[in-house]
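The structure appears below as structure tokens.
The values are calculated or read from the model by the stated rules, or taken from the named source; none is laboratory data. Not measured: the values here are computed from a predicted model. When we count neighbours, we look across all protein chains shown, and the Cβ atoms used for this are built from the backbone with ideal geometry, even at glycine. Just the protein is used for accessible areas: all its heavy atoms, side chains included, with ligands, DNA and RNA removed. Shrake-Rupley method; radii C 1.70, N 1.55, O 1.52, S 1.80 Å.
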Amino acid sequence: LAQVKTRYIQRLILRHYNGSNIRQRVSLSSLARQELIWWLKLCLAECVQSFKHIPLVQTVALVTDASDVSWSYMLMGCWKAGPWSVVDRDRHINHKEFLVLQFALEQNLDTLAGKTVFWEVDNTTALAYVRNGGGTRDWSLCDMAVSLRTWCAIHRIVIIPKYVPSEENIVADRGSRFLRVEDWFLLPRIVRRIFTLWGVPQVDLMATHRSAQLPAYFAFDRQDVSARAVDAFAQDWSFDLAYVFPPPPVILKTLKRIWQSPTTSSFLVILPWWPNKP
């Protein structure tokens, strides 16, 4: 929060001392004055921050996306989307991406209060303003970032932002455009041969009711009522044996998640053979 509590002082400095006489006296704005008071009231205990690592599997997973006409987010396996209001429809895309994060946090405050949120987004500007608690190029977006970070501090919410390309942001990206997530699977006779060789897994980590190779599966679509859960990346992967055929955009993300899983878990992973791919 310390970085956030410098933005209006920074704005004052840039406005009055940018290439001009640094000895001139200026009046503090009310917001800059509030920041200085905040710093003066800090005690030593509040100036100490733990460097303890928070494993990604212990965070709450949030993926967001915005398009010109609508917004979408996936939180802990639950997907939500909607059109922009008349007020927000003409906003810059950077502001829209930021608003989706704000929507997700405010609409799920009871669940997220006191939690660490691992936020995946494909907009680098919105990500930077959240991570840095504001910026100097877009003061309107800076105000939004300061307000949100302050709100998060009040509710003890920690946001860990991560950039994810649009092609990997499958559910949220298509949800913000009201598009359907594509289906993919191996022929069942091939899968049966694999299971004969390596054993029958407990769950199919990425499937739909049409493509699931096992009775228990994780789906991308929350409307898939037959699925055990939605959004594999928001679930616990502690299985004796799990099957996964990830779509190409999330292959690397899948492998990273497997690496983070318990050493007692085993996986049957189906991947394309790309000998020339770096």
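Key figures
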item	result
Candidates 241, 14, 141: whichever shows maximal mean-square fluctuation once the chain is modelled as a Gaussian network with Cα springs under 10 Å	14
Antiparallel content of DSSP bridges confined to the chain, in %, to 5	35
Relative contact order, percent, segment 224-275 [alpha-carbon distance under 8 Å, six or more residues apart]	45
Selection from 84, 95, 132, by position along the positive dipole direction of the chain (Cβ)	132
Amide H contacts of residue 60 (H built 1.01 Å from N, under 5 Å, at least 5 apart or other chain)	116, 117, 118
Given (1) 180; (2) 168; (3) 276, the label whose value is volume of the Cα convex hull per residue in Å³ derived from this model	(1)
Sulfur and carbon atoms: percent of accessible area, the chain [1.4 Å]	56
CD proxy at 222 nm, helix term only [per DSSP H run n ≥ 4: -39500 (n - 2.57); per residue of the chain; nearest 500]	-10000 deg cm²/dmol
24 Å Cα cut-off, lysine pairs counted over the chain (separation 8 or more, or different chains)	22
Top of 80, 41, 96 by mean-square fluctuation, Gaussian network on the chain, Cα under 10 Å	41
Rel. contact order, % - alpha carbon contacts under 8 angstrom, at least six apart, the chain	16
Helix 251-260 axis, angle to the chain major axis (alpha carbon atoms, nearest 10°)	90
Distance (nanometres) between label positions extended 7 Å along Cα→Cβ at residue 255 and residue 3	3.0
Chain lengthening between residue 42 and residue 107 when straightened (0.36 nm per residue, less Cα-Cα)	20.3 nm
Average accessible surface area per residue within the chain, 1.4 Å rolling probe, Å²	59
Accessible area of residue 1 in the full protein assembly, 1.4 Å probe (Å², nearest 10)	70
Cβ-based net charge around residue 90, under 12 Å, with every Lys or Arg adding one and every Asp or Glu removing one	+1
